[in-house]
């Protein structure tokens with residue numbers, strides 16, 4: 001399922017889908033057995049049935065919903081003849097919700113059906129239902145202590161405050177080199193044989209031939225990578241550049257590009273080139289701003305099926321020296 005692949009990012013959507021499924025199932029049962037309520041009415045109706053007339057604020061707090069949501073549901077229940085709004089005898093300035101005789105009759109008939117709901121849920125979900133109930137209760141307690149919006153905003157602020165740094169290759173970062181490049185290759189193209197060879201063994205194909213690999217790190221997160229591949233003495237290819245889709249727009253790509261160019265100069269390189277695709281327009285603009293110039297044709301002997309763009313690094317006032 002797609003939402004499952006998004007993990008915590010889609011937690012709310014998955015819980016809503018699960019909630020809608022359960023609501024729909026119980027409504028189907030109610031309709032099949034001629035019950036005169038809807039499943040979404042149950043929290044308010046059952047609370048008023050158990051404790052008696054109560055103001056909207058108390059009902060909302062008791063069932064964990066907003067005042068607005070309970071007030072809107074109460075309006076619907078009033079129209080359905082299940083609830084009345086009456087002045088609170090203890091405080092004439094506010095109203096309370098109270099069940100009508102119609103609601104009492106409807107609810108009093110539901111005992112056997114509620115037993116069947118409990119049993120049916122147990123039969124359908126087995127041991128998972130108890131674990132789910134325990135997990136829901138634990139989440140509710142945790143959220144009362146720290147609202148999730150506060151936690152998200154704090155995490156975002158900490159991320160934005162973290163320094164963006166570029167670090168050289170280390171064996172512990174090898175999996176990120178593969179992960180970050182597979183992300184853009186699989187999204188936009190297909191992974192070619194040459195890609196697999198380089199990503200499976202970057203030490204052999206890049207480092208041992210005199211190249212370099214860099215990573216962009218934002219706090220503890222590795223968010224981007226790129227490589228310099230030495231094709232021949234003094235001739236380097238800028239290759240395997242990728243930034244995590246979740247961290248674009250923070251300058252990681254340009255920082256990596258600048259570091260690769262700086263490394264090219266430190267090594268006394270004579271020529272720096274790259275191959276890319278015309279479909280990657282934001283990347284091409286970044287390369288051009290950094291001093292790469294589009295060539296009139298694809299690179300002779302290109303290794304990549306996807307490559308229809310050939311660019312050579314030509315900083316202002318300096319023409320590239322021919323390889324060889």
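The values are calculated or read from the model by the stated rules, or taken from the named source; none is laboratory data. Predicted model, so just to flag it, every value in this text is computed and none were measured. No Cβ is skipped: glycine too gets one built from the backbone with ideal geometry, and neighbour counts run over all protein chains shown.
Summary table
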| read-out | value |
| --- | --- |
| Options 272, 256, 280: the member that is over 20 Å from residue 184 (Cα atoms) and either modelled with pLDDT under 95 or buried (at least 17 other Cβ atoms within 10 Å of the Cβ) (or both) | 272 |
| Close pairs (8 angstrom Cβ cut-off, 6 or more residues apart or separate chains): at positive phi in region 50-74, outside any helix (DSSP H, G or I) and surrounded by fewer than 16 Cβ atoms within 10 Å (Cβ to Cβ) anywhere | 52/98 |
| Every pair of residues 6+ apart whose Cβ atoms lie under 7 Å, when the first sits in region 166-179 and is in the same structural domain as residue 220 (by TED's automatic domain parsing) while the second is surrounded by fewer than 17 Cβ atoms within 10 Å (Cβ to Cβ) and modelled with pLDDT under 95 | none |
| First in region 198-220 and at negative phi, second anywhere and part of a loop (DSSP other than H, G, I, E, B) and modelled with pLDDT under 95, Cβ under 6 Å, 6 or more apart | 218/162 |
| Helices (runs of 4 or more DSSP H) wholly inside region 18-116 containing at least 1 residues that are assigned by TED's automatic domain parsing to the domain that holds residue 140, under 35 Å from the mean Cα position of the chain (by Cα) and farther than 24 Å from residue 141 by Cα | 67-79 |
| Candidate set from region 144-169 (those that are more than 22 Å from the chain's Cα centre (by Cα) and assigned to a helix (DSSP H, G or I)); member that is surrounded by the fewest Cβ atoms within 10 Å (Cβ to Cβ) | 145 |
| Residue count for region 4-16, restricted to those that are in a helix (DSSP H, G or I) and surrounded by fewer than 13 Cβ atoms within 10 Å (Cβ to Cβ) | 9 |
| Selection from region 186-220 of residues that are closer than 18 Å to residue 252 by Cβ, touching a helix residue (DSSP H, G or I) at 6+ places or on another chain (Cβ under 8 Å) and surrounded by 15 or more Cβ atoms within 10 Å (Cβ to Cβ) | 212, 213, 214, 215, 216, 218 |
| Residues located in region 229-239, provided they are touching a strand residue (DSSP E or B) at 6+ places or on another chain (Cβ under 6 Å) and closer than 12 Å to residue 271 by Cβ | 230, 231, 235, 236, 237, 238 |
| Condition check for residue 137: surrounded by 10 or more Cβ atoms within 10 Å (Cβ to Cβ) and assigned to a helix (DSSP H, G or I) | yes |
| Residue match in region 35-49 (condition: in contact with a strand residue (DSSP E or B) (Cβ under 8 Å, 6 or more places away or on another chain) and touching a residue at least 60 places away in the same chain (Cβ under 8 Å)) | yes |
| Residue in region 240-247 that is in contact with a helix residue (DSSP H, G or I) (Cβ under 7 Å, 6 or more places away or on another chain), within 21 Å of residue 186 (Cβ to Cβ) and exposed (fewer than 15 other Cβ atoms within 10 Å of the Cβ) present | yes |
| Residues of region 240-257 that turn out to be touching a residue at least 40 places away in the same chain (Cβ under 8 Å) and touching a strand residue (DSSP E or B) at 6+ places or on another chain (Cβ under 9 Å), as a count | 10 |
